[in-house]
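Heads up: the structure comes next, in structure tokens.
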Amino acid sequence: MLEWLQLQLSAALPGRSASDEQFKRLRDAELEGLAVAFRVRLCAVAVIAVWLLVSTAWPRNVYYLAVSFVFLALSYVPYATRHHRAAWTIKLACTILDVALITATILLPPLGDLASDWPIQTRTRGPEFLYLLLLLAESALTYSPILVVWTGGIILAVWSFGINTLYDRPDTVRFDASGTMSDMQALERFLNPYFVGLIQMWVQLVTTGLITLILAIAVLRSRNTLISQIKDNTARTSLARYVSPDVAHAMGDGAPRFGEPTKHEVAIMFVDIVGFTRMAEKRSPEQALNLLRSFQERGCSVLFPCGGTLDKFLGDGFMATFGGVQPQKDAAERALSCAFQLLDTYAAWSEKRRRRGAQPVDIAIGLHFGEVIVGNVGTSERREFTVIGDVVNVASRLERATRHLEGSLVVSDACLQAAGGAPPGRKVAHTLTIDIRGRNRSVLAHVF
């Protein structure tokens, strides 16, 4: 029954068939709440145990300490079984036992010689009812408003049953229902140790009901906030499958000016598999796509840690930017370092393929740095965050220039200078001037 109610309460999430991951994260948060509740109860019992040692005479304090440890043991059961499929049902049952144990401890005297000679009715007059409210506060730690309402309801039912049981005892003194008593007579009856009044009980019940309602609303609000966060994180994760993670993160933050056209300096990188068309012709479609997927996964595993943005996949290659989404002072240095890491990664992959008898893979990389226009392009139905400008065209042509140059990486002099030179251990093979078709000025480039 509770599982059904929990699912109904999770109705704010999309359908289960489409949001299993969201439901799992919500359930994990609830189960973590059970663990937190146990740890909080452990601390509370420790504080109460110290208080009992100070405030209660021996050996009666031993009795109440034993009750405290039984109370702690009851909380361990739902904690230990929190991953069981019936975890919430077990928690509900243990809540009934918790309330019953505390109520019995408050209203019933200790066993045997530990009991005092005071009438049992006097046990309704102390402040110990507040211990039950600790259970209510604990239930609020589980992100479950249902558990809060359940706990409050059990407290109301069990406590009123206990008070009414004492009220109905033959030796209990009550107010005169006729209302003919004088003030002094009422005071004398109130001070009688056998007196039990219902006014105090109703105040306790009404207060507990209001606290239950307020806590349930607060927990429901917290739960809705949690669901919104889960949905937002899931949406970002799903979005990151189609765009670069940093773009997905920036879009998820809801930045009002995200994608507005702006100009700043960006490093542009083009990466391509040399001769992929010929390689694909000798393979089945599945084999060709698997090869391309391996290339892309290895590239992204290097690109993202370096702070690069995947602008787009280009068939058998991809375009990446550094400093496009968020300006980076070291964009050129990051891009150059990433380019060498890509060469090393793809070289290791190619060697691995060669050892198992597969055709090796050659990679070409072009790198340029300069001012570009950054922003959204497209229509109102389909937009894309990208960079445009002469720098993009030059980087693409530098990558194509590797076909007739003795090197896998061609870096413009502008990018190399902005990066502060080549990284340690990397040497320029040769430097040359490359003419770019459609561009009046040639580009000074370095081949690695």
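Which lysines does residue 282 reach when only Cα atoms under 20 Å apart count, and residues fewer than 8 places away in its own chain are ignored?
Partners within reach: 352.
For residue 404, what accessible area in Å² do you get when you roll a 1.4 Å probe over the heavy atoms of the protein chains, rounding to the nearest 10?
Only protein atoms counted, so the area is about 140 Å².
Carbon-plus-sulfur fraction of the accessible area of the chain, 1.4 Å probe, in percent?
Solvent-exposed carbon and sulfur of the chain make up 59 percent of the total.
Assuming a ≥ b ≥ c are the square roots of the Cα gyration tensor eigenvalues, decide whether the chain counts as rounded (a/c under 1.5), prolate (otherwise, with a/b larger than b/c) or oblate.
Cα axes put the chain in the prolate bin.
Any idea how far the Cα center of the stretch 31-60 sits from the one of the stretch 164-222, in Å?
Between the Cα centre of the stretch 31-60 and that of the stretch 164-222, the gap is 28 Å.
Can you tell me the orientation of helix 285-303 relative to the chain, as the angle in degrees between its alpha-carbon axis and the longest Cα principal axis, to the nearest 10?
Tilt relative to the chain: about 70 degrees.
Highest GNM mean-square fluctuation, the chain, Cα pairs closer than 10 Å: which of 203, 302, 271?
Its mean-square fluctuation being the largest, the pick is 203.
How high is the relative contact order of the chain, in percent, with contacts defined as C-alpha pairs under 8 Å that are six or more residues apart?
11
Using Cα pairs under 8 angstrom and six or more residues apart, how large is the relative contact order of the stretch 279-335, in percent?
22
Which FRET efficiency value, to the nearest 0.05, is calculated for residue 376 and residue 73 with the Förster distance at 60 angstrom and r the Cβ-Cβ distance?
E between residue 376 and residue 73, to the nearest 0.05, is 0.50.
Taking Cα atoms, how many degrees apart are the long axis of helix 130-139 and the longest axis of the chain, rounded to 10 and kept between 0 and 90?
20
When we measure straight from the Cα of residue 231, which aspartates and glutamates land under 17 angstrom away, once same-chain ones fewer than 8 places off are left out?
Within the straight-line cut-off, residue 231 pairs with 20, 21, 28, 30, 253.
How much mean residue ellipticity at 222 nm does the chain get from its helices, if each DSSP H run of length 4 or more adds -39500 (n - 2.57) and you divide by all residues, to the nearest 500 deg cm²/dmol?
Roughly -18500 deg cm²/dmol at 222 nm, from the helical runs in the chain.
When the chain is modelled as a GNM with alpha-carbon springs shorter than 10 Å, which of 261, 327, 170 fluctuates the most?
Fluctuation is largest for 170.
Measure nothing fancy, just the Cα-based angle from helix 145-167's long axis to the longest principal axis of the chain, in degrees from 0 to 90, nearest 10.
10
How far apart, in nm, are the 7 Å Cα→Cβ label points at residue 430 and residue 28?
So the two model labels end up 5.5 nm from each other.
Compare 194, 79 by solvent-accessible area with a 1.4 Å probe and give them largest first, with all protein chains kept in place.
The residues order as 194, 79, largest area first.
What's the FRET efficiency of residue 206 with residue 185 using the Cβ-Cβ distance as r and R₀ = 30 Å, to the nearest 0.05?
It comes to 0.65.
Just name one of 224, 394, 56: the one whose Cα is farthest towards the positive end of the charge dipole of the chain (beta-carbon charges, Lys/Arg +1, Asp/Glu -1).
The residue sitting farthest along the positive end of the dipole is 394.
Need the list of lysines near residue 329 for cross-linking: C-alpha distance under 29 angstrom, and skip anything on the same chain fewer than eight residues off.
Cross-link targets: 263, 312, 427.
Taking the chain as a Gaussian network, where each spring joins two C-alpha atoms under 10 Å apart, which residue of 155, 227, 217 fluctuates the most?
In this elastic network of the chain, the residue with the biggest mean-square fluctuation among 155, 227, 217 is 217.
The values are calculated or read from the model by the stated rules, or taken from the named source; none is laboratory data. Being a predicted model, the structure only gives us computed values, none of them experimental. When we count neighbours, we look across all protein chains shown, and the Cβ atoms used for this are built from the backbone with ideal geometry, even at glycine. The accessibility values were calculated without ligands, DNA or RNA, using every heavy atom of the protein model including side chains. Shrake-Rupley method; radii C 1.70, N 1.55, O 1.52, S 1.80 Å.
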